[in-house]
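Below: one structure, written as structure tokens.
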Amino acid sequence: MPEPRPTAPGGPTIAELRDVTQPPSVRTRAGAEHWVASAYLRDISPYLTRVLLRAGFSANGVTWLMILSAALAAVATGWSSVVGAVLAVLFVQLQMLLDCSDGEVARWRRTSSPLGVYLDRIGHYVAECGIAVALGVRATGGLALSGVWISAGLLLGLLVALNKVENDLVHVSRHYAGMAQVRDAEAVKVPTRGVVRRARQVARFVPFHRVFHSVELSLLVLVAALVDLVADGAATRVLLAALVAAALVTVVGHLAAVLTSSRLR
């Protein structure tokens, strides 16, 4: 393992951090870089990364902060008020900002590791599955042991997890087969068979499959909460039902896309 990069008492400059921790290979990743990172978080993250480096945080320590933010976003989602929805959005933005910074700390300190990757994945599962389950609590109007909307939230959480697992199992399967890591490039993901290929092209114009990321989920929860000010909870319930239907289609479509692309070849 390379020796950790020496850090001056005052910490690295923002320019140094951008040069070392945000190379083109990071900024241009097809699947791993969310649009909020490209749009504004990567412009902000070096300032937070510099503070975290000065404070002595390890990369994994920052990732634990990201996991905490993800859990708080899920808890806030279950609070049936506009305030809860606003907090969910803010905690998700913090989660994504910390998600940028943990990798930057790792690249600056030269401490990237499988443990860091594992914890990072855990954070995203906590955020996306947690918000999905909490949406059922929100639609119910509070925490309950059972109920139609509680069950719908649990089902949505399961489907979101399955959708994420379909991606992760590509890497697991290639590893067990002794293959190299799959390239993070759009061309690798394109299905080779006609029907699935055309369906994926349609999905690019109506990207409903992207709503299961924590950013999009939290924004939808906020929109529904605002509508619920005059709809008495109906908007949240409609949102949950629509997300369950979209998740069912996404899980099946994602599986077909993986099986008909070059990701496992």
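What follows is calculated from the coordinates using simple rules that are stated; it is not laboratory data. Predicted model only: the values in this text are computed from it and were never measured. All Cβ positions, glycine included, derive from the backbone under ideal geometry; neighbour counts span all protein chains shown.
Points to keep in mind about this one:
- Relative packing of peptides 170-181, 101-112 - highest average C-beta neighbours within 10 Å first: 101-112, 170-181
- Summarising the label geometry, the points placed 7 Å from Cα in the beta-carbon direction at A246 and A234 lie 2.0 nm from one another.
- Estimated D of region 14-260 in µm² per second, where Rh is the Kirkwood radius over Cα pairs and Stokes-Einstein applies at 4 °C, 1.567 mPa s: 68
- Listed peptides 209-217, 234-242 appear in the order 209-217, 234-242 once ranked by packing, highest mean of other Cβ atoms within 10 Å at the front.
- Check: region 14-260 dipole with +1 on Lys, Arg Cβ and -1 on Asp, Glu Cβ, in debye: 660
- Using a Förster distance of 51 Å, the FRET efficiency for V82-Y176 (Cβ separation, nearest 0.05): 0.60
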